[in-house]
1. Could you give every pair whose Cβ atoms fall below 9 Å, whose first residue belongs to segment 191-216 and is without any contact (Cβ under 8 Å) to a residue 24 or more places away in the chain, and whose second residue is in a loop (DSSP other than H, G, I, E, B) and hydroxyl-bearing (Ser, Thr, Tyr), counting only separations of at least 6 or pairs across chains?
2. Looking at segment 177-202 only, could you name the residues that are in contact with a Lys or Arg (Cβ under 9 Å, 6 or more places away or on another chain) and either surrounded by fewer than 15 Cβ atoms within 10 Å (Cβ to Cβ) or in the same structural domain as residue 105 (by TED's automatic domain parsing) (or both)?
3. Do you know which of the residues in segment 216-234 that are part of a helix (DSSP H, G or I) and among the acidic types (Asp, Glu) is surrounded by the fewest Cβ atoms within 10 Å (Cβ to Cβ)?
4. Quick check on segment 126-146: of everything there that is part of a helix (DSSP H, G or I) and either in contact (Cβ under 8 Å) with a residue 24 or more places away in the chain or among the acidic types (Asp, Glu) (or both), which residue is surrounded by the fewest Cβ atoms within 10 Å (Cβ to Cβ)?
5. Based on what the data block shows, is residue 148 closer than 18 Å to residue 101 by Cα, acidic (Asp, Glu) and within 22 Å of the chain's Cα centre (by Cα)?
6. Within segment 193-222, which residues are touching a Pro at 6+ places or on another chain (Cβ under 8 Å) and of a type outside the set (S, T, N, Q)?
7. Confirm whether residue 188 is touching a Phe, Trp or Tyr at 6+ places or on another chain (Cβ under 6 Å) and either at positive phi or assigned to a strand (DSSP E or B) (or both).
Amino acid sequence: MDTGFGTALAPIPQTKKAAARIALVDLKDGTRTILSECFKQFGIESVVMSANAAERLKKEKFEACVVKLGPGAQAVMEAVRTSSSNSRLVLYGLGGSAQEAMRYSKYGINAIFQEPVERSAALKLVRATNMLVLHEFRRYVRIPVVTEVQVQGAKKFTATTLEVSSGGMSIKSAEEVGPGQAVEVSFALLTLPRIWVRANVTWRKPKHSFGVRFDNTDDRRRKLKEWIDAYLEN
(Lines give C-alpha, C1' and ligand atoms only; values in the text may rest on other atoms or scores of the structure.)
Protein backbone atom coordinates (compact mmCIF):
# COMPACT_ATOMS: atom_id res chain seq x y z
CA MET A 1 0.00 0.00 0.00
CA ASP A 2 2.88 2.31 0.79
CA THR A 3 4.23 1.63 -2.69
CA GLY A 4 0.95 2.54 -4.34
CA PHE A 5 0.69 5.72 -2.25
CA GLY A 6 4.24 6.68 -3.14
CA THR A 7 3.61 6.12 -6.83
CA ALA A 8 0.48 8.25 -6.76
CA LEU A 9 2.41 11.20 -5.32
CA ALA A 10 5.45 10.86 -7.55
CA PRO A 11 6.22 14.20 -9.23
CA ILE A 12 5.32 14.51 -12.88
CA PRO A 13 8.30 15.56 -15.01
CA GLN A 14 7.79 19.00 -16.51
CA THR A 15 9.47 20.62 -19.47
CA LYS A 16 11.39 23.72 -18.42
CA LYS A 17 9.67 26.77 -19.82
CA ALA A 18 11.87 29.23 -21.68
CA ALA A 19 12.46 32.41 -19.72
CA ALA A 20 12.51 34.57 -22.85
CA ARG A 21 12.02 34.44 -26.60
CA ILE A 22 14.34 35.66 -29.34
CA ALA A 23 13.37 36.14 -32.99
CA LEU A 24 15.90 34.87 -35.56
CA VAL A 25 15.17 36.74 -38.79
CA ASP A 26 16.27 35.45 -42.21
CA LEU A 27 19.26 33.46 -40.98
CA LYS A 28 20.94 30.59 -42.84
CA ASP A 29 20.37 27.10 -41.44
CA GLY A 30 23.89 26.69 -40.04
CA THR A 31 23.91 30.09 -38.39
CA ARG A 32 20.40 29.58 -37.02
CA THR A 33 21.37 26.24 -35.49
CA ILE A 34 24.44 27.63 -33.74
CA LEU A 35 22.66 30.67 -32.33
CA SER A 36 19.61 28.65 -31.24
CA GLU A 37 21.84 26.25 -29.30
CA CYS A 38 23.77 29.10 -27.69
CA PHE A 39 20.65 30.94 -26.53
CA LYS A 40 19.02 27.71 -25.38
CA GLN A 41 21.79 27.24 -22.82
CA PHE A 42 20.48 30.32 -21.02
CA GLY A 43 16.79 29.43 -21.21
CA ILE A 44 16.10 31.62 -24.24
CA GLU A 45 13.79 30.12 -26.86
CA SER A 46 14.51 30.85 -30.54
CA VAL A 47 11.66 31.61 -32.94
CA VAL A 48 12.50 31.40 -36.65
CA MET A 49 11.09 34.12 -38.91
CA SER A 50 11.36 35.03 -42.57
CA ALA A 51 9.26 37.17 -44.89
CA ASN A 52 6.61 38.09 -42.30
CA ALA A 53 9.10 39.09 -39.61
CA ALA A 54 8.32 42.82 -39.54
CA GLU A 55 4.59 42.20 -39.17
CA ARG A 56 5.04 39.61 -36.41
CA LEU A 57 7.45 41.81 -34.47
CA LYS A 58 4.84 44.56 -34.40
CA LYS A 59 2.31 42.26 -32.72
CA GLU A 60 4.12 39.51 -30.78
CA LYS A 61 6.20 40.06 -27.63
CA PHE A 62 9.88 39.14 -27.75
CA GLU A 63 12.80 39.86 -25.47
CA ALA A 64 15.42 39.91 -28.24
CA CYS A 65 15.93 39.71 -31.99
CA VAL A 66 18.78 38.76 -34.35
CA VAL A 67 18.62 40.32 -37.83
CA LYS A 68 21.15 40.10 -40.65
CA LEU A 69 22.52 43.51 -41.60
CA GLY A 70 21.68 44.17 -45.23
CA PRO A 71 18.59 44.49 -47.46
CA GLY A 72 15.44 44.19 -45.38
CA ALA A 73 17.14 44.84 -42.05
CA GLN A 74 15.89 48.41 -41.77
CA ALA A 75 12.24 47.38 -42.12
CA VAL A 76 12.64 44.80 -39.34
CA MET A 77 14.43 47.23 -37.01
CA GLU A 78 11.84 49.91 -37.70
CA ALA A 79 9.07 47.46 -36.80
CA VAL A 80 10.88 46.51 -33.58
CA ARG A 81 11.60 50.01 -32.34
CA THR A 82 8.13 51.36 -33.17
CA SER A 83 6.32 48.41 -31.57
CA SER A 84 4.72 49.17 -28.22
CA SER A 85 5.75 45.78 -26.84
CA ASN A 86 9.19 45.36 -28.43
CA SER A 87 10.69 48.85 -28.53
CA ARG A 88 13.13 47.97 -25.72
CA LEU A 89 14.10 44.47 -26.79
CA VAL A 90 17.76 43.51 -27.15
CA LEU A 91 18.68 43.90 -30.80
CA TYR A 92 21.51 41.84 -32.29
CA GLY A 93 22.95 42.49 -35.74
CA LEU A 94 24.53 39.71 -37.82
CA GLY A 95 27.53 40.43 -40.03
CA GLY A 96 28.69 43.71 -41.47
CA SER A 97 31.56 45.97 -40.52
CA ALA A 98 31.39 48.68 -37.87
CA GLN A 99 30.89 51.22 -40.66
CA GLU A 100 27.96 49.25 -42.07
CA ALA A 101 26.46 48.92 -38.61
CA MET A 102 26.46 52.71 -38.31
CA ARG A 103 23.80 52.83 -41.03
CA TYR A 104 21.45 51.40 -38.43
CA SER A 105 22.76 53.25 -35.37
CA LYS A 106 19.48 55.07 -34.79
CA TYR A 107 17.87 51.70 -34.03
CA GLY A 108 20.20 51.04 -31.12
CA ILE A 109 21.82 47.72 -32.04
CA ASN A 110 23.05 46.18 -28.79
CA ALA A 111 25.64 43.75 -30.15
CA ILE A 112 26.85 42.19 -33.40
CA PHE A 113 27.58 38.56 -34.29
CA GLN A 114 30.42 38.39 -36.80
CA GLU A 115 30.21 36.23 -39.94
CA PRO A 116 30.97 33.46 -40.44
CA VAL A 117 29.46 32.64 -37.06
CA GLU A 118 31.72 30.52 -34.88
CA ARG A 119 30.17 28.67 -31.96
CA SER A 120 32.76 29.76 -29.38
CA ALA A 121 32.56 33.43 -30.33
CA ALA A 122 28.76 33.34 -30.49
CA LEU A 123 28.52 31.69 -27.08
CA LYS A 124 30.85 34.29 -25.60
CA LEU A 125 28.63 37.11 -26.88
CA VAL A 126 25.43 35.42 -25.67
CA ARG A 127 26.99 34.82 -22.26
CA ALA A 128 27.94 38.50 -22.05
CA THR A 129 24.46 39.75 -22.94
CA ASN A 130 21.97 37.12 -21.79
CA MET A 131 21.23 38.86 -18.49
CA LEU A 132 19.99 41.86 -20.42
CA VAL A 133 17.71 39.60 -22.48
CA LEU A 134 16.42 37.92 -19.31
CA HIS A 135 15.84 41.28 -17.60
CA GLU A 136 18.41 40.59 -14.90
CA PHE A 137 19.08 44.31 -14.84
CA ARG A 138 20.27 44.65 -11.27
CA ARG A 139 23.17 42.34 -12.06
CA TYR A 140 23.88 43.99 -15.40
CA VAL A 141 24.64 47.69 -15.00
CA ARG A 142 26.42 47.98 -18.36
CA ILE A 143 24.26 48.15 -21.46
CA PRO A 144 25.78 46.76 -24.67
CA VAL A 145 24.93 49.08 -27.54
CA VAL A 146 26.55 49.84 -30.89
CA THR A 147 26.26 53.49 -31.87
CA GLU A 148 28.46 56.22 -33.23
CA VAL A 149 30.50 58.27 -30.76
CA GLN A 150 32.56 61.37 -31.45
CA VAL A 151 35.73 61.58 -29.38
CA GLN A 152 37.52 64.91 -28.94
CA GLY A 153 40.95 64.76 -27.36
CA ALA A 154 44.36 65.56 -28.78
CA LYS A 155 42.51 65.06 -32.07
CA LYS A 156 38.91 64.42 -33.05
CA PHE A 157 37.77 61.06 -34.41
CA THR A 158 34.67 58.92 -34.82
CA ALA A 159 34.37 55.49 -33.20
CA THR A 160 31.68 53.04 -32.06
CA THR A 161 30.47 52.19 -28.59
CA LEU A 162 30.61 48.67 -27.15
CA GLU A 163 29.02 49.14 -23.73
CA VAL A 164 27.58 52.12 -21.89
CA SER A 165 26.95 52.70 -18.20
CA SER A 166 26.12 55.75 -16.13
CA GLY A 167 29.79 55.94 -15.14
CA GLY A 168 31.55 55.44 -18.46
CA MET A 169 31.74 53.49 -21.71
CA SER A 170 33.92 51.16 -23.71
CA ILE A 171 34.73 52.24 -27.25
CA LYS A 172 35.94 50.31 -30.30
CA SER A 173 38.66 52.18 -32.16
CA ALA A 174 42.18 51.77 -33.51
CA GLU A 175 43.05 55.38 -32.68
CA GLU A 176 46.01 55.97 -30.40
CA VAL A 177 44.82 57.10 -26.97
CA GLY A 178 46.42 56.44 -23.61
CA PRO A 179 45.24 56.00 -20.01
CA GLY A 180 44.86 59.33 -18.26
CA GLN A 181 44.11 61.27 -21.43
CA ALA A 182 41.27 63.79 -21.10
CA VAL A 183 38.59 63.60 -23.78
CA GLU A 184 35.04 64.69 -24.48
CA VAL A 185 32.61 62.18 -25.96
CA SER A 186 29.43 62.91 -27.88
CA PHE A 187 26.73 60.34 -28.68
CA ALA A 188 22.99 59.65 -28.91
CA LEU A 189 21.03 56.57 -27.80
CA LEU A 190 17.58 55.77 -29.20
CA THR A 191 15.34 58.22 -27.29
CA LEU A 192 18.29 60.05 -25.75
CA PRO A 193 19.22 63.13 -27.84
CA ARG A 194 22.92 63.71 -28.49
CA ILE A 195 24.86 64.66 -25.37
CA TRP A 196 28.45 65.70 -24.67
CA VAL A 197 30.31 64.50 -21.58
CA ARG A 198 33.86 65.05 -20.33
CA ALA A 199 35.78 61.86 -19.57
CA ASN A 200 39.20 60.33 -18.98
CA VAL A 201 40.68 57.28 -20.69
CA THR A 202 41.14 54.55 -18.08
CA TRP A 203 42.36 51.57 -20.15
CA ARG A 204 43.43 50.66 -23.65
CA LYS A 205 43.74 47.44 -25.69
CA PRO A 206 46.12 47.85 -28.64
CA LYS A 207 44.31 48.23 -31.98
CA HIS A 208 41.05 47.12 -30.43
CA SER A 209 39.26 49.27 -27.88
CA PHE A 210 39.55 51.60 -24.92
CA GLY A 211 37.46 52.64 -21.94
CA VAL A 212 36.58 56.04 -20.54
CA ARG A 213 35.22 57.12 -17.19
CA PHE A 214 32.89 60.11 -17.17
CA ASP A 215 33.86 63.20 -15.20
CA ASN A 216 31.81 63.17 -11.97
CA THR A 217 31.69 66.97 -12.00
CA ASP A 218 30.05 67.08 -15.45
CA ASP A 219 26.32 67.44 -14.80
CA ARG A 220 25.51 66.50 -18.40
CA ARG A 221 26.04 62.82 -17.57
CA ARG A 222 22.86 62.92 -15.45
CA LYS A 223 20.82 62.76 -18.65
CA LEU A 224 22.53 59.47 -19.48
CA LYS A 225 21.88 58.08 -16.01
CA GLU A 226 18.20 59.02 -16.26
CA TRP A 227 17.99 57.36 -19.69
CA ILE A 228 19.63 54.16 -18.41
CA ASP A 229 17.32 54.04 -15.37
CA ALA A 230 14.28 54.40 -17.64
CA TYR A 231 15.67 51.82 -20.09
CA LEU A 232 16.12 49.23 -17.34
CA GLU A 233 12.73 49.89 -15.78
CA ASN A 234 11.00 49.24 -19.10
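1. Hits for this filter: 198/217.
2. 178, 179, 182, 193, 196, 202
3. Applying the filter and picking the extreme gives 233.
4. Ranking the qualifying residues of segment 126-146, first place goes to 127.
5. Spelling it out, residue 148 is indeed closer than 18 Å to residue 101 by Cα, acidic (Asp, Glu) and within 22 Å of the chain's Cα centre (by Cα).
6. 201, 203, 204
7. For residue 188, the condition - touching a Phe, Trp or Tyr at 6+ places or on another chain (Cβ under 6 Å) and either at positive phi or assigned to a strand (DSSP E or B) (or both) - is not met.
The values are calculated or read from the model by the stated rules, or taken from the named source; none is laboratory data. Owing to the predicted nature of the structure, the values given are computational and were not obtained by experimental measurement. Glycine gets a Cβ as well: all are built from the backbone with ideal geometry, and neighbour counts include every protein chain shown.
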